[in-house]
Amino acid sequence: MPAATTDLTGKPMNSVAPFAHEALFYRDEDTFLSGTARFVTEGVDRGEPVLVAVPEESIGPLRERLGDAAEQVHFIDMTEAGRNPGRIIPGVLMAFSASTQRRFRVVGQPIWPSRTALEYPACVQHEALINTAFEGRPGVILCPYDAAALPGHVLDDARRTHPVVIDGERRVASEWYTEPTGLADVYNVPLPPPPADAEVHSFSVGTLAHMRKLVSAYAHWLRREQVEDLVLAVNELATNSILHASGRGVLRLWREGDTVVCEVSDTGSGFPPSFTGLSGFGIVMVNLLCDLVRTHTSHSGTTVRVYLGR
């Protein structure tokens, strides 16, 4: 029997919508290469700008599979560019789509087997919010998932964040697809507790300058430009607490291996799910500067935690 050819509204899936977001389930290198190469080649043949943002180890084999067509494709190592999932929409996808007036095409792989449990909620929020960020824009994003190595709950979430799923020769509308903001809220989960030896400092508008000095001194062993980035990011979060919460907040500082962790908490209602990169230049900037940004909002307030390491 042929695969389903209509979406959840009954509209034919072979009709050209302004934007499409599809998941590709693969179980070995050959199915990854055949699925992504077919998608990329179709875009090149149509004259569409094509971006491939996948882990570095997949770039070489895909270039080889594409042959001469690879010369017309822009490649990015997603483990670097997308190390912070909240950076992918503004720093990778929007940056690429804004560079052209034509319909664009992207292979974007934000989730791979070595992603950590700490990063994963931000990954799901990212995948959900792609549907909001690009609604109505002329383009298509294909997200490969290693179905042989990733746990079942990750594939279930992929079905919730992608209106269309490609699995082998089947391309079907996902019956699990979930409204993006609601799914992002599902992953508004509590953060792991700070360590007992974390430094704790209260701040208010009159102590912002002192807070910046504290962060700079604590992170002194990072490269100078990293220290500057971290100070800028924490200052943005603290300023947001002062302006939009109670006028004050708490800063916590600690290390996890080679990474400095800074946490800003307040009693405010927090950022919307679009915190991952869609609302406000300052919040976008925080995501662009840091290796990971995690946020949690509850009835008692909001906590934002940023990570930056060597």
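Within the stretch 47-85, the residues that satisfy the criterion of being touching a residue at least 40 places away in the same chain (Cβ under 8 Å) and under 21 Å from residue 101 (Cα atoms) are 47, 48, 49, 50, 51, 52, 53.
Where strands (runs of 3 or more DSSP E) sit wholly within the stretch 138-247, those with at least 3 residues that are over 25 Å from residue 122 (Cα atoms) and over 22 Å from the mean Cα position of the chain (by Cα) occupy 170-173, 199-204. For the stretch 70-79, the criterion of being at pLDDT 95 or above, part of a strand (DSSP E or B) and under 16 Å from the mean Cα position of the chain (by Cα) is met by at least one residue. The set of residues from the stretch 240-262 being out of contact with any Asp or Glu (no Cβ under 8 Å at 6 or more places or on another chain) and surrounded by 17 or more Cβ atoms within 10 Å (Cβ to Cβ) comprises 240, 242, 260, 261, 262.
Candidates 142, 129: the one that is closer than 14 Å to residue 21 by Cα, in the same structural domain as residue 44 (by TED's automatic domain parsing), surrounded by 19 or more Cβ atoms within 10 Å (Cβ to Cβ) and touching an Asp or Glu at 6+ places or on another chain (Cβ under 6 Å) is 142.
The values are calculated or read from the model by the stated rules, or taken from the named source; none is laboratory data. Note that this is a predicted model, so its numbers are computed, not measured. When we count neighbours, we look across all protein chains shown, and the Cβ atoms used for this are built from the backbone with ideal geometry, even at glycine.
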